[in-house]
Amino acid sequence: SDLTNLTITNVAAARFLHDGGFDASGRYFLVAANASNKVAIVDTKENKLVGLVETGPTPHPGRGANFIHPKFGPVWATSHLGDETIVLIGTDPKKHPKQAW
């Protein structure tokens, strides 16, 4: 990486993006939009928003967890602030398109 010639890309998503993490492939960045009760998915290879998932009240702003679900394939998981809800978001649009965001 060339730290003296950084590229900045603005991506319209949802209010307010606050902390996130990469999927297992390292291509997709999933970030909580707490004020909108959504998780935004950004394709870091194409530099564009590829998904905006409704999650219910206050998705947890944080790294999340990646694992392989036996039925849905690769997923990214995060909890919610103030309750026991956990959301799973599919992260393999090529092999599991019906489950991907």
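The values are calculated or read from the model by the stated rules, or taken from the named source; none is laboratory data. Model, not experiment: these values are computed from the prediction. Note that we place each Cβ from the backbone using ideal geometry, even for glycine, and neighbour counts take in every protein chain shown.
Observations on the structure shown:
- Members of segment 71-87 that are buried (at least 16 other Cβ atoms within 10 Å of the Cβ) and either within 22 Å of SER36 (Cα to Cα) or within 11 Å of the chain's Cα centre (by Cα) (or both): VAL75, TRP76, THR78, SER79, HIS80, VAL87
- Taken together, the residues in segment 89-101 that are at pLDDT 95 or above and within 19 Å of SER36 (Cβ to Cβ) amount to 1.
- Checking each residue in segment 1-32 for being surrounded by 14 or more Cβ atoms within 10 Å (Cβ to Cβ) and among the acidic types (Asp, Glu) picks out only ASP23.
- Hits in segment 1-51 (condition: modelled with pLDDT under 90 and of a type in the set (Ser, Thr, Tyr)): SER1, THR7, THR9
Matching residues to (1) out of contact with any strand residue (DSSP E or B) (no Cβ under 9 Å at 6 or more places or on another chain); (2) under 13 Å from THR91 (Cβ atoms); (3) not small (Gly, Ala, Ser):
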residue	(1), (2), (3)
ALA12	no, no, no
PHE16	no, no, yes
ASP19	no, no, yes
GLY26	yes, yes, no
LEU30	no, yes, yes
ALA35	no, no, no
ASP43	no, yes, yes
LYS48	no, no, yes
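- Of the criteria (1) surrounded by 12 or more Cβ atoms within 10 Å (Cβ to Cβ); (2) outside any strand (DSSP E or B); (3) within 14 Å of the chain's Cα centre (by Cα), which one ALA35 fails: (3)
- First in segment 86-98 and over 15 Å from PHE29 (Cβ atoms), second anywhere and part of a loop (DSSP other than H, G, I, E, B) and among the β-branched types (Val, Ile, Thr), Cβ under 8 Å, 6 or more apart: VAL87/THR55
- In segment 56-72, the residues that are more than 19 Å from ALA40 (Cα to Cα) and of a type in the set (A, V, I, L, M, F, W, C): ILE68, PHE72
Residue-wise test of (1) in contact (Cβ under 8 Å) with a residue 40 or more places away in the chain; (2) of a type in the set (A, V, I, L, M).
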position	(1), (2)
TYR28	yes, no
ALA33	no, yes
LYS38	no, no
ARG63	yes, no
GLY73	no, no
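- The selection criterion, being within 12 Å of the chain's Cα centre (by Cα) and part of a strand (DSSP E or B), does not hold for ILE68.
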